[in-house]
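Here the structure comes first, spelled out in structure tokens, and everything after it is commentary.
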Amino acid sequence: MKVGCPILYIVVPCFNEQEALPESHEKLSKLLQDMISKGSIDGKSKLLYVDDGSRDDTWQIIDRLVNENNHVAAVKLACNSGHQNALMAGLAAAADYCDFTVSIDADLQDDITVIPQMVERFQDGCDIVFGVRRERKTDTWFKRTTAAMFYRMMNSLGVSTIENHADFRLMSRRAVLALLDYKERNLFIRGIVTNLGYKTDCVYYDRSARLAGESKYPFKKMMNFAIDGITSFSVKPVRMVFMMGVLFLIIALIMLIYVLTAVFMGRSVSGWPSLILSVWLVGAFILMGLGIIGEYVGKIYTEVKNRPRYNIDTTIGFDKE
Ligand code: UDP
Ligand code: MG
């Protein structure tokens, strides 16, 4: 790695971002130019857009940008593979050409003006620099509370995440290569990155509102993401089911004593309410347990299949090695 003037690739996953992309691009390319002219990054640095199977004009816009500007490269995924996979595709493509990457969402809700600070930390020897939101006033109340709940739950389940850090982060080439070694299909990148073990640091910023267009993370996708995050990193839910089983065994023993005394005292006909209650309760917990176990079995299934994460359709605008 050339210390002093390293090559930066800014990786931007885009899914149906035709409204936000032109403005985002303008801001990002200006920032890139500034950093190049200041000499903090190499002139071969680029913006790398990953089109995650958009159904609008996102790819046409990207294609135009690549033709107009030789600081733009792009990867087009053959179909929508999800934010995390699109990000991986971008990082994997970038790793061949750059010394370090910065990943950021296309809507620029994260403050790009802290990128130079991130670069400074990188030059001080950090492999990973996390962008952390100081406050999220511009997110809806719902998004803020669910996110806070999620981070709290993750931490109580023993998954190390950095609170209020999404996927806005700087990663050195070797950190990216290490990340790419995680071959799992159920990706929760921000959980893996904290486990890589390299020197890390944080920079802080205020999160702003989406530039344009609407969130590509509807409630259902958010729920799936949270479930993936928990079940990919923690086996505690399974242990909870087991502990629940133990608890039920104890209750069953108490019930047995209760029933026996009832029989000896000649009250054996009664007890229908407690019986029917137990039947329902036990049934409910068995179903819940099966649901959780099913989640893990499903994970094993997808891991075992070992399918590729994504298929690249085209790549354009890269420098020939
Ligand atoms: N995104 C993607 N594929 C998807 C969904 C989202 O590449 O299937 C991208 C999207 O274009 C954006 C980023 O992931 O750049 C984050 O999405 P968004 O801003 O909609 O999420 P939010 O900020 O609302 O959580
Ligand atoms: Mg966003």
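Values quoted throughout were computed directly from the atomic coordinates according to the rules given, and no laboratory measurement underlies them. All figures in this text were calculated on a predicted structure; none of them were measured in a lab. As a convention, Cβ positions derive from the backbone with ideal geometry for all residues, glycine included, and neighbour counts pool all protein chains shown.
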Self-check item: Computed FRET value (nearest 0.05) for residue 180 with residue 288, which takes r as the C-beta separation and R₀ as 30 Å
Solution: 0.25
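Just to confirm the filter: which trypsin sites (Lys or Arg not before Pro) across the stretch 144-231 are DSSP coil and have at most 15 other Cβ within 10 angstrom of their Cβ?
Those that pass, being in a loop and sparsely packed, are 183, 199.
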Exercise. Output the relative contact order of the chain, whole-number percent, from Cα pairs under 8 angstrom with separation of 6+ residues.
Key: 23
Exercise. Return a whole-number percent for the relative contact order of the stretch 1-160, with Cα pairs under 8 Å and 6 or more residues apart as the contact set.
Key: 29
Practice problem: Within the stretch 4-55, report the trypsin sites (Lys or Arg not before Pro) that DSSP leaves as loop and that have at most 14 other Cβ atoms within 10 Å. | Solution: 55
Exercise. Please work out the C-alpha center-to-center distance from the stretch 242-267 to the stretch 146-177 and express it in whole Å.
Key: 44
Quiz item: How do 298-307, 5-14 rank on mean C-beta neighbours within 10 Å, highest first?
Solution: 5-14, 298-307
Quiz item: Dipole magnitude of the chain about its Cα centre, charges +1 at Lys/Arg Cβ and -1 at Asp/Glu Cβ only, in debye to the nearest 20?
Solution: 1180
Quiz prompt | Whole-angstrom gap from the stretch 284-321 to the stretch 1-51, using each part's C-alpha centre | solution = 29
Quiz item: Tell me, what HN-Hα J-couplings in whole Hz come from the Karplus equation 6.51 cos²θ - 1.76 cosθ + 1.60 at θ = phi - 60° for each residue of the stretch 9-18, using x for Gly and Pro?
Solution: 10, 9, 9, 10, x, 10, 10, 6, 10, 4
